[in-house]
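Visitor: Got a structure for you, questions after.
Throughout, read-outs are computed from the coordinates displayed, never taken from laboratory work. Quick caveat, the model's predicted, so the values are computed rather than measured. A quick note on method: Cβ atoms are made from the backbone with ideal geometry, for glycine too, and the neighbour counts reach across all protein chains shown.
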Amino acid sequence: MLDMNNMDVLLFDNRTDQSLMIEEMLKQIGCRVSLVMVKSDCFAKLINGRYDLVLFDHSIPGLDVTGFVNKLEIIDRSMSVAMMVTLSSRFYEEKYGCSGIDYLIFKPFGYEDLLLLVREAFQYSQGFKQTILNKWK
Amino acid sequence: METRSKINNQQDLWDRSKDGNRTAPEGRRESGDRRCGADRRSGYGKNEDHLLRGTLAASASIVFQFSRPFTIILGYVDLLLNKSKEKHTKKNLAIIKEQLEIISEILSDFRELDDFKTKNFDGVEILTTKKVMEDEAPNKLDRKLI
């Protein structure tokens, strides 16, 4: 059984109504959540602290998804990146298949879907940490 | 000898150098049908392509506009379900959630739409999605009513 009380999630969304709801759900799951609404705040948070998962919305106006994800990978490769999406899976496969996004969560989603995503991201993050520890031993 | 003459006649029909046998291709050009052979055989063409493009744009727009409000509603219903202790409220919230999940499935069908097919519903042509196809078969309740 995974204990997700130690999981840090950085939520990046420019819409207050949606972000507050997701923040509440993540807190109910047992994650520590930091909410940011601007890209610069997102990078500032990532530089100052470590996160297991970055969850952001595809529909943030003016956001260059590929550039944003590349920058995230430069800061921390072990961190999972998930994007909240609305369009067809074919579109995302073609456009962002190789961009470094680990998970897509299709809207509308509920508590169970988010729980599943957090679990998978946590497992990935823990696995990555274990690999690094084994390399240093 | 008769058989031999029949074969000769058939060969004449397929001989394109003879003027009488050129009518079919010219007719197609006059009608403006410029589809390739594969498209003609499958009955697919420019009109179908326009319809598909329009449908895909409309369905993507529906999914894009509806997804966010439904995410917020579904999320808060889930949060209320987890918090609520009263049985009656929980039951009602479960019904709302069930209906929202149906909408979610419909949106998912629209999202993955890649074909233009319609179904006649009382004289009105409606777009066929997976959900519409499932609805064709009567459910258990309908069978009981019948």
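Visitor: Using helices alone, what [θ] at 222 nm do you get for chain A, with -39,500 (n - 2.57) per DSSP H run of 4 or more residues, divided over all residues and rounded to the nearest 500?
Guide: Using -39500 (n - 2.57) per qualifying helix, the result is -16000 deg cm²/dmol.
Visitor: While we're here: Please list, by residue number, every one of the trypsin sites (Lys or Arg not before Pro) in segment B:49-122 that is coil in DSSP and has at most 16 other beta-carbon atoms within 10 Å.
Guide: Sites meeting the loop and neighbour criteria: B:K85, B:K117.
Visitor: Related question: Which shape class, rounded, prolate or oblate, goes with segment A:21-87 when its Cα gyration tensor gives a ≥ b ≥ c as root eigenvalues, a/c under 1.5 marks rounded, and past that a/b bigger than b/c marks prolate?
Guide: Taking the square roots of the gyration eigenvalues as a ≥ b ≥ c, segment A:21-87 is oblate.
Visitor: Continuing with the same structure: Write down the radius of gyration of segment A:4-136 and its Dmax, each obtained from C-alpha positions, in Å.
Guide: 14.1, 44
Visitor: For segment B:89-99, take each phi angle, set θ = phi - 60°, evaluate the Karplus expression 6.51 cos²θ - 1.76 cosθ + 1.60, and give the result in whole Hz per residue in order, putting x for glycine and proline.
Guide: With the stated coefficients, segment B:89-99 comes to 5, 4, 5, 5, 5, 5, 5, 4, 4, 4, 5 Hz.
Visitor: Could you work out, residue by residue across A:110-118, how many beta carbons of other chains sit within 10 Å of that residue's beta carbon, and then give the average as an integer?
Guide: Partner Cβ neighbours, averaged per residue: 3.
Visitor: Once label points are set 7 Å from the Cα along Cα→Cβ at both B:T89 and A:V65, what is their separation, rounded to one decimal in nm?
Guide: Once both label points are built, they end up 3.8 nm from each other.
Visitor: Do any of B:K83/B:K130; A:K71/B:K83; A:K27/A:K71 go past 30 Å between their Cα atoms, and which?
Guide: Pairs exceeding the cut-off: B:K83/B:K130; A:K71/B:K83.
Visitor: What is the dipole size for segment A:4-136, taken about its Cα centre, with +1 at each Lys and Arg Cβ and -1 at each Asp and Glu Cβ, in debye to the nearest 20?
Guide: 360 debye
Visitor: Work through the residues other than A:K39 whose Cβ is under 10 Å from its Cβ and net out their charges, Lys, Arg +1 and Asp, Glu -1.
Guide: After counting each charged neighbour, the total is -1.
Visitor: A further question follows. Take every residue in peptide B:72-83, count the Cβ atoms of other chains within 10 Å of its Cβ, and give the average of those counts.
Guide: Taking the mean over all residues of the peptide, I get 5.
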